[in-house]
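These notes concern the structure reproduced below.
The values are calculated or read from the model by the stated rules, or taken from the named source; none is laboratory data. None of the values given here were measured: they were computed from a predicted structure. Don't worry about glycine lacking a Cβ; one is built from the backbone with ideal geometry, like all the others, and counts go over all protein chains shown.
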Amino acid sequence: MRILAKGLTYTYNPKSPFASQALKGVDISIDEGEFFGIIGHTGSGKSTFLQHLNALIRLTGGFLKVGEYDLSDKKCNFLELRSKVGMVFQYPEYQLFAETVEKDVMFGLKNFRKDMSDEEMKAAVKEAIETVDLDYEEIKDKSPFELSGGQKRRVAIAGVIVTKPEVLILDEPAAGLDPLGKKEIMDLLHAIHGGWCKTIVFVSHDMDEIAENCTRAAVFSDGRVVMEDTPAEIFKRSDELISLGLDIPVTAKCARILKERGIEIETDFTSEDFIAKVLAAYAAKAGA
Amino acid sequence: MLNDVTFGQYYPVKSFVHNMDPRAKIVFMIAYIVAIFLADNFFALATAVVFLLFVVLLSRVPFGRVLRSVKMILFLIIFTAVLNLFFYSGSSSYQPLVDWWIITITYESIINMIFLALRLFLLVMGTSVLTLTTTPVALTDGIESLLTPLKWIRFPVHELALIMSIALRFIPTLMDETNRIVAAQKARGANFETGGLIKRAKAVVPILVPLLVSAFRRAEDLGDAMDARCYSGAKGRTKYKKLVFTWRDLLGLLLLAALITGIVFLNQLGGKFEILSYFL
Amino acid sequence: MEAVKFENVKFAYREDDETFAVNGVTLSIEEGTFVAVLGRNGSGKSTLAKMINALLVPTEGKAEVFGLDTASPENTFEIRKSAGMVFQNPDNQTVASIVEDDVAFGPENIGVPREEIGRRIDFALDAVGMQAFRQSTPSRLSGGQKQRIAIAGVLAILPKIMILDESTAMLDPKGRREVMDVIKKLNKERGMTVILITHFMDEALEADRAIVMHRGEVVMDGTPEEIFSRADELETYNLALPRAAYISKRLAEGGMPVKGAFHAEALAEEICASLQKA
């Protein structure tokens with residue numbers, strides 16, 4: 001499913017003293033199969049935009065199409081849309097509620113797939129729990145509240161992917177985790193991207209994460225998309241990112257300083273590529 | 001985005017009434033309610049109405065804003081008034097105007113209805129002026145201070161005030177949290193809008209459980225944070241915010257005393273029904 | 001002077017627990033140092049932090065803060081006055097709906113006279129750069145601002161030690177920077193002892209000393225530079241190097257004469273130098 005937005009606007013508490021315009025005309029296009037990163041400050045409008053994608057916030061201005069679903073159409077089947085666009089919120093472990101892990105993961109299936117039999121549902125739950133790297137037999141009858149923080153988050157993600165949405169949206173899936181936990185979550189997303197969900201859209205404040213993982217990314221600022229490109233192209237415009245008050249990856253910081261010293265490193269800003277290019281430059285110099 | 005709950009109805013402008021001590025305002029409001037019920041004829045009640053209009057003017061809160069709070073319970077006022085009109089059981093010295101089935105309407109019942117409606121109306125207006133000109137925080141401080149004498153009978157005044165203050169502080173946080181959980185469960189296909197009563201009650205579980213779990217977690221964190229900041233109950237505690245009783249409060253209370261005296265004096269003109277004799 | 005002294009401290013959350021959350025820690029922290037405590041979730045670093053201001057008391061061993069034993073209840077108040085603590089969740093630490101009332105909470109608890117509280121609020125809000133928000137509502141502030149208010153609330157008690165228990169974990173990069181700037185300033189300008197529990201390696205680089213915890217024990221202790229140059233050892237404790245350190249390590253392995261660099265700036269210098277030498 002392709003996501004296409006044109007001139008999307010949204011205002012919270014319209015016509016009141018607390019009115020605030022969160023989206024001021026968002027244009028974006030995310031193709032099927034992408035691993036798409038979203039960058040921006042808190043309050044830049046990125047969360048508001050994401051909640052439009054499965055109609056948690058109803059469209060009030062502009063154009064938005066997700067696959068075949070035209071969200072400006074009042075007759076659009078929102079429940080069906082939600083089953084195709086999964087959404088993992090920040091700290092998703094805080095939304096667990098059922099007595100057992102199995103029941104919690106099954107919640108989405110029960111809502112969306114009334115056609116499935118109990119056995120089919122259990123099989124789907126098993127598959128989802130195994131996909132997030134947990135032991136189904138060991139964990140299925142436990143209370144979600146007994147689990148460790150990392151396990152809870154995985155269970156919460158399993159509860160979203162269990163319906164096999166075509167698009168999976170995640171708002172800072174690695175928030176609050178330590179570096180290794182972050183890496184595990186990114187690895188998990190890549191695994192899901194290969195099989196379960198065709199398109200992944202995720203928010204991250206960690207620019208290294210964006211540089212290492214995304215096919216493309218968009219930069220939100222003050223209710224608009226100010227850049228939409230591959231990480232390599234986005235981080236070439238480091239000066240603009242810095243002037244927006246955003247971070248840049250370590251590789252980009254380094255490349256910037258080297259450029260000031262007259263050393264150009266042509267890189268896509270992933271660590272591997274950067275290391276290879278610097279070593280190549282060194283070898284060329286040493287050879288000469 | 002429901003953060004404005006913190007401020008309740010508070011209408012942020014600067015005025016004589018806003019600047020009054022919350023304790024004075026609370027006493028003021030209670031006394032005013034007493035005055036309304038004391039007023040026993042139209043002259044006395046009219047004085048109370050004029051007095052309130054004067055206070056609203058002084059508070060610089062738009063009149064429409066004050067009326068809006070009455071609108072919310074207008075139905076209740078009308079309902080009680082109509083019941084009173086139909087089923088007034090006092091004796092009447094005049095012929096009933098309507099006497100049908102169990103419904104009897106007399107001159108007295110009409111007057112009684114008008115009085116009741118007006119009193120309720122003034123009561124709601126009066127409390128609204130208080131909440132519109134005083135933040136919940138200041139109200140809490142005021143209540144705590146007014147209740148201080150109860151410490152002598154070992155009533156936990158400080159604890160009560162702290163609980164109110166923490167509750168106020170956490171309302172917006174828990175509101176935000178509720179919105180987030182609702183959105184997350186909706187994204188998993190939860191439906192809160194349709195279905196019968198039982199189905200809807202069941203639909204609330206996926207919201208209530210996480211909300212409760214989070215409230216307990218927050219309470220635990222807050223307990224640690226309070227301990228770490230040396231909290232150990234009311235003993236040996238000082239208070240930073242000191243309420244100061246100023247000339248404004250004195251003036252206000254003097255005005256109020258004048259109102260009550262006026263009402264008592266006007267009451268001498270006769271009871272609410274005696275006025276009928278002028279017309280009939 | 002020694003601000004904190006732990007002698008073979010052990011702690012178990014339940015009496016029947018066989019495993020200790022903190023398992024035999026001996027540690028001494030000099031007044032005025034900035035210490036970062038690293039470790040994975042469940043390594044015991046938060047438990048350790050809570051024992052410094054007597055929120056938890058050792059099951060075995062002895063913990064002292066400025067010479068006061070945390071185990072005796074009559075010391076608790078004094079210890080909490082000298083060792084303040086800021087927690088992880090910025091939403092769960094404020095008690096009042098107005099910033100100045102919240103900052104006043106600590107001084108009120110220890111019985112500071114009214115006029116003095118006013119001065120302390122001024123001092124604390126200035127120190128965290130939040131004076132302009134004195135009359136604001138905490139719930140309307142950003143995460144970084146809320147944490148700065150929490151720091152101010154602790155500062156108003158005038159502690160000598162500031163413990164931050166993963167206080168940057170839930171913040172965005174901007175909020176993290178705000179909080180780090182404040183605590184660095186407190187350490188440099190006021191000589192405040194800072195104990196920062198964190199899992200951000202780049203934050204640990206700002207400290208004078210870094211301690212790595214693993215399964216309840218202190219397994220590494222030294223300057224951040226020393227710690228991060230022992231990359232293989234860090235890996236066994238499931239900790240990752242800061243990215244700049246990782247890149248410099250890989251470059252060195254690839255035959256470039258770069259020394260270990262931990263910041264992007266230092267890494268660029270090293271690359272530059274070795275390219276010029278080549």
Among residues belonging to region B:143-190 that are among the charged types (D, E, K, R) and within 21 Å of the chain's Cα centre (by Cα), point out the one that is nearest to the other protein chains (Cβ to nearest Cβ). B:Arg169
Looking at C:Leu241 and the list (1) more than 28 Å from A:Lys259 (Cα to Cα); (2) in contact (Cβ under 8 Å) with a residue 12 or more places away in the chain, which single condition is not satisfied? (1)
Condition check: surrounded by fewer than 19 Cβ atoms within 10 Å (Cβ to Cβ) and away from every other protein chain (no Cβ under 12 Å). Does C:Glu233 satisfy that? yes
Step by step: first the residues of region A:214-240, then only those that are surrounded by fewer than 22 Cβ atoms within 10 Å (Cβ to Cβ) and assigned to a helix (DSSP H, G or I), then the one that is farthest from the chain's Cα centre (by Cα). Which residue is that? A:Asp239
When region C:196-223 is examined, which residues are found to be out of contact with any Phe, Trp or Tyr (no Cβ under 7 Å at 6 or more places or on another chain) and either within 14 Å of another protein chain (Cβ to nearest Cβ) or part of a helix (DSSP H, G or I) (or both)? C:Ile197, C:Thr198, C:His199, C:Phe200, C:Met201, C:Asp202, C:Glu203, C:Ala204, C:Met213
Give all pairs with beta carbons closer than 7 Å in which a residue from region C:108-133 that is free of Cβ contacts under 8 Å to residues at least 12 places away in the same chain meets a residue that is among the aliphatic types (A, V, I, L, M); count only pairs at least 6 apart in sequence or on separate chains. C:Glu108/C:Ile117; C:Gln131/C:Leu125
So C:Ala96, is it in contact with a Phe, Trp or Tyr (Cβ under 9 Å, 6 or more places away or on another chain) and facing chain B (nearest Cβ under 10 Å): yes
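For every residue, the table says whether it meets (1) within 14 Å of another protein chain (Cβ to nearest Cβ); (2) surrounded by 12 or more Cβ atoms within 10 Å (Cβ to Cβ); (3) at negative phi.
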position	(1), (2), (3)
A:Lys122	no, yes, yes
A:Lys126	no, yes, yes
A:Ile129	no, yes, yes
A:Tyr136	no, yes, yes
A:Asp141	no, no, yes
A:Gly149	yes, yes, yes
A:Lys152	yes, yes, yes
Selection from region C:243-268 of residues facing chain A (nearest Cβ under 8 Å) and either under 15 Å from C:Leu205 (Cβ atoms) or crowded, with 18+ Cβ neighbours inside 10 Å (or both) yields C:Arg243, C:Ala244, C:Tyr246, C:Ile247, C:Arg250, C:Leu251, C:Met256, C:Ala264, C:Glu265, C:Leu267, C:Ala268
Unmet requirement for C:Thr76, which otherwise passes all of (1) on the phi > 0 side of the Ramachandran plot; (2) within 13 Å of chain B (Cβ to nearest Cβ): (1)
Of the residues in region A:61-110, those that are touching a residue at least 60 places away in the same chain (Cβ under 8 Å), away from every other protein chain (no Cβ under 14 Å) and closer than 26 Å to B:Asp176 by Cβ come to A:Leu64
I need a count of the residues in region C:1-28 that are surrounded by 21 or more Cβ atoms within 10 Å (Cβ to Cβ) and within 16 Å of C:Pro159 (Cα to Cα). 2
Subset of region B:120-155, residues free of Cβ contacts under 8 Å to residues at least 40 places away in the same chain and over 22 Å from B:Asn19 (Cβ atoms), comes to B:Leu147, B:Thr148, B:Pro149, B:Leu150, B:Lys151, B:Trp152, B:Ile153, B:Arg154, B:Phe155
Mind checking whether some residue in region A:46-55 is assigned by TED's automatic domain parsing to the domain that holds A:Gly149, in a loop (DSSP other than H, G, I, E, B) and within 30 Å of C:Gly144 (Cβ to Cβ)? yes
I'd like the residue in region B:112-148 that is in a helix (DSSP H, G or I) and in contact with a Gly (Cβ under 8 Å, 6 or more places away or on another chain) and, out of all such residues, is surrounded by the most Cβ atoms within 10 Å (Cβ to Cβ). B:Pro136
Residue hits (region A:193-206; assigned to a helix (DSSP H, G or I) and at pLDDT 95 or above) are none
Looking at region C:226-246, which of its residues are assigned to a helix (DSSP H, G or I) and either over 23 Å from C:Thr26 (Cβ atoms) or at pLDDT below 90 (or both)? C:Phe228, C:Ser229, C:Ala231, C:Asp232, C:Glu235, C:Arg243, C:Ala244, C:Ala245, C:Tyr246
If you go through region A:265-288, how many residues are among the β-branched types (Val, Ile, Thr) and touching a Lys or Arg at 6+ places or on another chain (Cβ under 7 Å)? 3
Out of A:Ile248, A:Ile234, sole residue that is more than 17 Å from C:Gly254 (Cβ to Cβ) and away from chain C (no Cβ under 11 Å): A:Ile234
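Search region C:29-57 for residues being at positive phi and touching a residue at least 40 places away in the same chain (Cβ under 8 Å), and hand back the single one that is surrounded by the fewest Cβ atoms within 10 Å (Cβ to Cβ). Spell out the reasoning first.
Quick first cut of region C:29-57, residues at positive phi only: C:32, C:39, C:42, C:44, C:54.
Filter once more, keeping what is touching a residue at least 40 places away in the same chain (Cβ under 8 Å): C:32, C:39, C:44.
Details: C:Gly32: 17, C:Gly39: 27, C:Gly44: 23.
Taking the candidates together, the pick is C:Gly32.
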For B:Asn191: the one exception among (1) in a helix (DSSP H, G or I); (2) touching a helix residue (DSSP H, G or I) at 6+ places or on another chain (Cβ under 8 Å); (3) of a type outside the set (Asp, Glu); (4) over 30 Å from C:Arg119 (Cα atoms): (1)
Taking the stated definitions as given, is A:Leu177 modelled with pLDDT under 95 and under 30 Å from A:Ser44 (Cα atoms)? yes
Hey, does region B:227-248 have a residue that's within 14 Å of chain A (Cβ to nearest Cβ), more than 29 Å from C:Asp91 (Cβ to Cβ) and either in contact (Cβ under 8 Å) with a residue 60 or more places away in the chain or not in a loop (DSSP other than H, G, I, E, B) (or both)? no
If you check C:Arg140, C:Arg176, which single one turns out to be surrounded by fewer than 20 Cβ atoms within 10 Å (Cβ to Cβ) and within 13 Å of chain A (Cβ to nearest Cβ)? C:Arg140
Candidates C:Ile121, C:Ile117 - the one that is of a type in the set (Val, Ile, Thr), within 7 Å of another protein chain (Cβ to nearest Cβ) and in contact with a helix residue (DSSP H, G or I) (Cβ under 7 Å, 6 or more places away or on another chain): C:Ile117
Counting only residues in region A:50-60 that are farther than 14 Å from A:Ile28 by Cα and in contact (Cβ under 8 Å) with a residue 24 or more places away in the chain, the one surrounded by the fewest Cβ atoms within 10 Å (Cβ to Cβ) is identified as A:Thr60
Restricting attention to region A:27-45, report how many residues are on the phi < 0 side of the Ramachandran plot and more than 14 Å from chain C (Cβ to nearest Cβ). 10
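When you scan region A:71-154 for helices (runs of 4 or more DSSP H) that lie fully inside it, which ones turn up with 1 or more residues that are assigned by TED's automatic domain parsing to the domain that holds A:Leu168 and within 21 Å of the chain's Cα centre (by Cα)?
So the answer is A:78-84, A:101-112, A:118-131.
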